[in-house]
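The values are calculated or read from the model by the stated rules, or taken from the named source; none is laboratory data. Values in this document were obtained by computation on a predicted structure and should not be read as measured data. Note that we place each Cβ from the backbone using ideal geometry, even for glycine, and neighbour counts take in every protein chain shown.
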Amino acid sequence: MLPDRHIRFSISIVSHGHGRLIALLLKDLADARRHDVEVILTWNLADEDRYPVEAMGHSLPLITILNTTPHGFAENHNLAFQRSGGENFVILNPDIRLPSDPFDILLNILRVQPGVVCAPMIFNPDREPEDSARFFPTPWMLVKKAVAKACGAKLTLRSVPKKENLLSPDWIAGMFMVIPRDIYRDLGGLSERYFLYYEDVDFCARARLKGIEILVTSDTYAIHDARRESHRDLRFLSWHVKSAFKFFTSQAYLTLKLRSLLGKKQP
């Protein structure tokens with residue numbers, strides 16, 4: 001972080017062999033010509049080809065972390081948080097593209113409604129909305145999704161509540177999350193019990209239990225070129241299933257379910 005800059009957004013990006021994608025993302029960030037951001041870039045694979053990304057985002061303050069052994073999603077971002085100095089910590093996937101600068105709109109949400117976690121809308125490359133703002137999963141819902149997929153059917157999901165330009169989901173996907181620094185710190189960051197999946201669900205569950213609202217604005221958006229490794233690779237699928245089991249047996253999930261059974265509304 002440069003000492004003469006006021007950093008509003010510390011943007012954490014982790015590469016798993018995504019050098020060329022990150023170069024494009026850094027160019028998007030550099031093209032926004034902001035003077036209130038810093039980027040913490042983590043190279044998670046010691047032997048990955050570190051494409052010369054700095055040339056694409058040369059105007060950005062860039063902190064580089066080189067891992068000698070791979071870490072999980074949560075550990076990487078938690079370590080990046082320790083190196084960051086911004087008012088807000090931004091978790092950003094390497095396969096995100098920014099057609100325009102979303103940060104002024106997101107900053108306005110944080111000013112009008114301080115103490116929330118927020119995100120833009122997420123679209124796929126065909127400009128169709130992604131399922132990035134959701135209700136909390138349940139074991140039964142996952143079973144229905146698996147059956148629907150096996151049958152080649154599309155499962156209809158409940159619509160997330162929306163008021164004017166803001167959606168109020170239970171949780172938002174970790175591809176793009178804007179979290180005020182004090183919230184990330186007070187919640188202890190992402191839980192390192194998980195590996196690659198459900199860290200975002202768990203974080204939002206713990207935030208909701210603290211009365212912290214989760215908001216998504218339809219006034220700005222990002223593009224996500226999803227890879228969906230867990231749909232093709234049994235290793236990723238195994239991590240997904242294990243993380244789901246950990247979440248459904250977690251204190252946060254069980255407390256949310258108990259509150260629901262007792263008729264207590266979440267914030």
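E229 versus (1) at pLDDT 95 or above; (2) of a type in the set (D, E); (3) more than 15 Å from the chain's Cα centre (by Cα): which is the lone unmet condition? Of (1) at pLDDT 95 or above; (2) of a type in the set (D, E); (3) more than 15 Å from the chain's Cα centre (by Cα), only one is false for E229: (1). Within segment 190-209, the set of residues being in a loop (DSSP other than H, G, I, E, B) and under 12 Å from the mean Cα position of the chain (by Cα) comprises L190, L196, Y197, Y198. The set of residues in segment 188-199 being under 20 Å from G86 (Cα atoms) and in contact (Cβ under 8 Å) with a residue 24 or more places away in the chain consists of G189, L190. Determine whether I65 is touching a strand residue (DSSP E or B) at 6+ places or on another chain (Cβ under 9 Å) and not in a helix (DSSP H, G or I). Yes, satisfied.
S218 - would you say it is more than 19 Å from the chain's Cα centre (by Cα) and at pLDDT 95 or above? Judged against the criteria, S218 is not a match. For segment 82-102, a tally of residues being part of a helix (DSSP H, G or I) and in contact with a Ser or Thr (Cβ under 7 Å, 6 or more places away or on another chain) returns 0.
From the set of residues in segment 103-125 that are touching a Ser or Thr at 6+ places or on another chain (Cβ under 8 Å) and not in a strand (DSSP E or B), which is nearest to E213 (Cα to Cα)?
I109
Starting from residues that are modelled with pLDDT under 85 and under 20 Å from L187 (Cβ atoms), keep the ones in segment 249-267 and report whichever is surrounded by the most Cβ atoms within 10 Å (Cβ to Cβ). Selected residue: Q266. Do we find a residue being at pLDDT below 95 and within 27 Å of N78 (Cα to Cα) anywhere in segment 138-158? Looking for residues that are at pLDDT below 95 and within 27 Å of N78 (Cα to Cα), one finds at least one in segment 138-158, hence yes.
Yes/no per residue for (1) in contact with a Gly (Cβ under 8 Å, 6 or more places away or on another chain); (2) more than 25 Å from E164 (Cβ to Cβ); (3) touching a residue at least 12 places away in the same chain (Cβ under 8 Å):
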position	(1), (2), (3)
T64	no, yes, yes
G72	no, yes, yes
H77	yes, yes, yes
S100	no, no, yes
I105	no, no, yes
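Do the conditions hold for R50, that is, is it modelled with pLDDT under 95, surrounded by 13 or more Cβ atoms within 10 Å (Cβ to Cβ), outside any helix (DSSP H, G or I) and not aliphatic (A, V, I, L, M)? The answer is yes for R50.
Exactly one residue among R158, R127, R181 is of a type in the set (K, R) and under 27 Å from S10 (Cβ atoms), and that residue is R181. If you check E164, E130 for being out of contact with any Leu (no Cβ under 9 Å at 6 or more places or on another chain), among the charged types (D, E, K, R) and in contact (Cβ under 8 Å) with a residue 24 or more places away in the chain, only one passes: E130.
Among what's in segment 55-68 and is more than 22 Å from Q82 (Cβ to Cβ) and surrounded by fewer than 17 Cβ atoms within 10 Å (Cβ to Cβ), pick the residue that is modelled with the highest pLDDT.
Start the filter on segment 55-68 by keeping residues that are more than 22 Å from Q82 (Cβ to Cβ), which leaves 55-56, 58-59.
Now drop any that are not surrounded by fewer than 17 Cβ atoms within 10 Å (Cβ to Cβ), which leaves 55, 58-59.
Values: A55: 59, H58: 67, S59: 75.
Within segment 55-68, the match that is modelled with the highest pLDDT is S59.
Which of the following residues is among the hydrophobic types (A, V, I, L, M, F, W, C) and either surrounded by fewer than 20 Cβ atoms within 10 Å (Cβ to Cβ) or out of contact with any strand residue (DSSP E or B) (no Cβ under 8 Å at 6 or more places or on another chain) (or both): I179, I212? On inspection, the qualifying residue turns out to be I212.
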